[in-house]
Amino acid sequence: MTTTSPIRLPALAEHSALWEGRARNVLTWRRPFLQGVNWSDPPFATWFADGELNVSENCLDRHVAAGIGDRIAIYWEGEPGDRVQFTYRELLAEVCRAANAFATLGIGKGDRVVIYLPLIPEAIIAMLACARIGAIHSVVFAGFSPQSLRARVDDAGAKLVITADGGIRKGKVTPLKGAVDEALTEAQSVEHVLVVQRTSGERGERLNLETGSAWMPEGVGWRPGRDMWWHEVLDAESSVHEPEAFAAETPLFILYTSGTTGAPKGIVHTSAGYLTQAVFTHSTVFDLRPESDVYWCTADVGWITGHSYVVYGPLANGATQVIYEGAPDTPHHARWWELVERYRVSIFYTAPTAIRTFMRLGRQLADPYDLSSLRVLGSVGEPINPEAWEWFRDNVGGGGTPVIDTWWQTETGAVMAAPGVHQEVFKPGSVQHPVSGVHLSVVRDDGTPTAHDEIGFLVAELPWPSMARGIWGDPDRFVDTYWSRFPGRYFTGDSALVDSDGDLWLRGRVDDVMNVAGHRLSTAEIEATLGAHPYVAESAVVGAFDEKSGQAVVAFVVLKDSQRAAAGEDAHAVTVLRTWVRDQIGAIASPRQILVVPDLPKTRSGKIMRRLLRNAAEDRPVGDVTTLSDTSIMAVISARLAAGHTED
């Protein structure tokens, strides 16, 4: 078998020089750096370590100083329809008030601040205020349970928690302050809790609803001396704050991600290297034109996509962006298309699961809305199947708008692979090639290059500026998790292949590569095959234990509303789909079981939680469902599995 050619790696000095030029070009430095990358103690790299800058200044002050302070930074819209907009000058003033308030509360360089907020402007303001004073923020997604929040507060040793009285999602209020109170019952490190009035009291005027009282939570608990209203603390502060310069490797944030053990991993990102790659990729991957574009990334700031491509990348680039608090189907299924038309969005970045949901609901939802402003579409979060890619281009992008499928991770900090906006040939479902300055390869177990179209392990060959600097408080775990399997290379945990043209195809997580009777099968490939059938809106495939074959294929499918009549009874649809997979891939890939379900378990950012499906398929406890946008869906799926629904 002929292997692919090893990629040509530049000398480390050449590689470093490329990023050094970009760092000087895209960032404003207080103290210019002379050093590039230091890779003397791998896997612990530093970038531009002798330079100094302020991340918040790069996102705000420099734009005001450059004369674009009146440019809109954020168009924010809440789920009930309330709207707020901030110019760069106005956003700077709010961030300065918050920075002064945090300092008044005793927060300074190196202190940890946990932010547990819905997708409202205060979340972004809090992040930038932390960056301004050198505090380390840790944003915890507001859908996490009190127990999950407590674990993150304790691990980070947070001094300050910022939350809201409640969050609004699908027409309901979640009492976030109550979750914080439960999480902090025995917390030792937290000194203050700042509470944003989103859903109650006089500050609830942002809701601007005749029935505003309907959004009132049952009550907000209060501990005098610890708990303070956000607006009361900020209103007492000046809108002027001089940002301090910090060393390039000053930690910027900790973002917790799930681990194979029960303990969450606190991924640490520092300042200058992270910001360099976030700014560069946001500008180049999406062909950003900040003077004219309106950009919208649908991610929540509780995830890395929200950090890099809602907060730091867009604001440092001086972009105008849309931020929407609520669910894409509330108060109606076409809410996203309504917003695209209202704000004349030109760059739209979302998740494949959201795209497949709209496929299921049908193109007619977008028909009443003018989507002609869109010129670039983006996909993030997991591999996108070709049918969803083509549907997105044709039905949202009008047939000619490029779809930029991006691959990256919490640990990488910024986009690592994506096609170019202006390239002539796109391959639906392929990220095609690494971004300039990133060096990826696909290898076998022994580290040798794979053959063309052979599934292997995706690794990074050289350090990159936005790479994680470690796991908070656990450097050994960082080495063991990411750098021990292929010494000297970063192991992404993803499977991939390189085709005969040299283009890169992601095939899902390595633990989503099944071994069925000795054959390695990609769950992503089977999902793509199912997704190509006219009946299927979206699917999720997992490998479940099987006594005969070691693992067996179990598929969960959501049928298109428009195809329900054609599909007939679920049992008929299952037979058709099983035959389809067998014909398209082979008998070895034929699912042992196909379950027709009303929806898949997804986080609010659109990620399918396949781990929960795998647990259910193997008749194990499902696990924590608090991060799901619909926490009841796993009960429905588990009940159907238990009943043997649609199983041959």
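For K177, list the lysines whose Cα falls under 29 Å from its own Cα; do not include residues on the same chain fewer than 8 positions away.
Correct list for K177: K109, K159, K265, K602, K607.
Using amide H atoms built in the peptide plane, which far-off residues or other-chain residues are under 5 Å from A164 H to H?
Counting only residues 5 or more places away or on other chains, the set is K177, V196.
Quick check on region 12-493: of the DSSP beta bridges with both residues there, what percent are antiparallel, nearest 5%?
On the way: 30 of 64 bridges.
Once the DSSP bridges in region 12-493 are tallied, antiparallel ones form about 45 percent.
Defining a contact as two alpha carbons under 8 Å apart and six or more residues distant in sequence, what relative contact order in percent does region 442-500 show?
Values: 76 pairs, mean separation 27.6, N = 59.
It comes to 47 percent, rounded to a whole number.
For each of F556, F246, count neighbouring Cβ atoms within 10 Å of the residue's Cβ, then give the residues from fewest to most.
Working: F556 28, F246 24.
The most exposed by this proxy come first: F246, F556.
Using unit Cβ charges (K, R positive; D, E negative) and no other charged atoms, how large, in debye to the nearest 20, is the dipole of region 517-642 about its Cα centre? Please report the intermediate quantities before stating the final value.
Values: 15 positive and 14 negative charges, 44 e Å.
It comes to approximately 220 debye.
Roughly how big is the chain's charge dipole about its Cα centre, with Cβ charges of +1 (Lys, Arg) and -1 (Asp, Glu), in debye to the nearest 20?
Working: 58 positive and 80 negative charges, 19 e Å.
Charge dipole, the chain, about its Cα centre: 100 debye, nearest 20.
Given Cα pairs under 8 Å that are at least 6 residues apart, what percent is the relative contact order of the chain?
On the way: 1364 pairs, mean separation 76.0, N = 648.
Computed over the chain, the figure is 12 percent.
Sort region 581-648 into rounded, prolate or oblate with this rule: let a ≥ b ≥ c be the square roots of the eigenvalues of the Cα gyration tensor; rounded if a/c is under 1.5, and if a/c is not under 1.5, prolate when a/b is larger than b/c, oblate otherwise. Working shown, then result.
Values: a/c = 2.21, a/b = 1.60, b/c = 1.38.
Here region 581-648 falls in the prolate category.
Take the Cα coordinates of the chain, assign each an equal point scatterer, and use the Debye formula without solvent to give log10 I(q)/I(0) at q = 0.05, 0.06, 0.07 Å⁻¹.
Each listed q corresponds, in turn, to -0.22, -0.31, -0.43.
With a/c under 1.5 counting as rounded, go ahead and sort region 517-642 into rounded, prolate or oblate using the C-alpha gyration tensor (a ≥ b ≥ c being the square roots of the eigenvalues; past the cut-off, prolate if a/b is larger than b/c, else oblate). Could you put the intermediate results ahead of the total?
Working: a/c = 1.67, a/b = 1.12, b/c = 1.50.
Cα axes put region 517-642 in the oblate bin.
Once the dipole of region 517-642 is set up with Lys and Arg at +1 and Asp and Glu at -1 on Cβ about the Cα centre, which of L612, V558, L577 lies farthest towards its positive end?
Selected residue: L612.
Please report, in debye to the nearest 20, how large the charge dipole of region 250-373 is about its Cα centre when each Lys and Arg carries +1 at its beta carbon and each Asp and Glu carries -1 there.
Dipole size: approximately 320 debye.
Arrange the following residues from fewest to most other Cβ atoms within 10 Å of their Cβ: T481, T448, T627.
Numbers: T481 18, T448 12, T627 22.
Fewest to most other Cβ atoms nearby, the residues stand as T448, T481, T627.
Values quoted throughout were computed directly from the atomic coordinates according to the rules given, and no laboratory measurement underlies them. All figures in this text were calculated on a predicted structure; none of them were measured in a lab. Virtual Cβ from ideal backbone geometry, glycine too; neighbours counted across all protein chains shown.
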